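Here the structure is laid out as structure tokens; the discussion comes afterwards.
Just so it is clear, none of the values below were taken in a lab; they were calculated from the coordinates. Given the structure is predicted, the values throughout are model-derived calculations rather than measurements. With ideal geometry, Cβ positions are generated from the backbone for all residues, glycine too; neighbour counts draw on all protein chains shown.
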């Protein structure tokens, strides 16, 4: 246990440095390990850091611009909900503050190495910061069962499920995002994939959601001057969408002309700035991912290995940004009317793009599919985050962190995660909880292999519809 406590202290030190310091150092080291020359590795790591600073600045502007609007919407909608969305950063702090969180960092890295060696996964997950999701899963299971090692097993289960989703969607992720040799095993994004994968097959049966080649859509758009033309124009141009959403936010908040104009311009700016700073982040990752691809090809010629990264690399896509901002007011309205919901969306609402990023990938940037899936996904996120609230509040209290006022519960919409819910429910089954978790991992690995082959065949035709959408 002393070893894990030492690891916990070391991890906490690096996390406290800030993502714009910790991640560039990690990326630089990874680049060197894959054979990148020192000069290029340092430049790539620094570029990633600059991109993260940019993302942080835009995120701060987002929170500052939309925070007051969201608070005003809470008042207008009379949202007397008792579980407060405190955001992802406090959740990460709670996860890493625990002994089980430290243990899971070491164990999950070892499990990942073993699975890669045994050819049971092709993803090398280097997104260590977001291991906090696995720590929360383990912490909740330990809390409800009183069993430390069962909690560890639940956290490992969450991680393995993420690795398999990353494997299944690796090719599609690389094509949509434009970075070779990467995948997304992120604790939340990967957990959203099963729902979107099922919905994608349903959409295949509905002509309204059909994929169309870009050139065909452009021709139709030029010929059509009806309502669909203008709707497509608004949703296809981030500036127009930002102006309309900003105007809506300002009016709802009851601002005067200056206030409305301010939030309108800032919202349009946010939709334009996010892709720019993410492009800088991606620019730093590309040399590392290219080197990783060369390394993997040379040393593992029979494998298609990939680096597992944070879902932040996906949010610069135009569809993700536009749909994400569109979901901001919808999150609030759904929270107000959804039966069984006690989550008050606050901390995570400005970053709704992170909640729809995998829908963009799975649906091949089809805007209609992404919007529809997001609308279906929002209630699920709110229900599960409401379920998690009492557990997270106890974990925060145990860590000595007071995140909400007395009588309230702490949560975050990042807990609206099937890969937290399912392992927790299975672990609570008397006598066979551990066996069920092992069985779930075994099924995920076996089924993952089948789905990889299935989607590999589907992706042979994928290039014809990359970046397309229905109008």
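Estimated purely from DSSP H runs of n ≥ 4, each contributing -39500 (n - 2.57), the mean residue ellipticity at 222 nm for the chain is -24000 deg cm²/dmol once divided by its residues.
Order these by the 10 Å Cβ neighbour count, fewest first: 272, 348, 175. Don't skip to the answer; put the middle values down first.
Values: 272 13, 348 24, 175 18.
With the sparsest Cβ surroundings first, the list reads 272, 175, 348.
Per-residue packing, averaged as other Cβ atoms within 10 Å, sorts the ranges 437-448, 408-419 into the order 408-419, 437-448, beginning with the highest. The slack between residue 16 and residue 303, meaning 0.36 nm per residue of separation minus the straight C-alpha distance, is 99.7 nm. Label-to-label distance for residue 454 and residue 57 is 4.5 nm, based on points extended 7 Å past Cα in the beta-carbon direction. Exposure proxy for 28, 357, 372: other Cβ atoms within 10 Å of each Cβ, ordered fewest to most, give 372, 28, 357. Listing 66, 243 from fewest to most neighbouring C-beta atoms within 10 Å gives 243, 66.
Once the C-beta distance of residue 89 and residue 439 is scaled by a Förster radius of 25 Å, the resulting FRET efficiency is 0.15 to the nearest 0.05.
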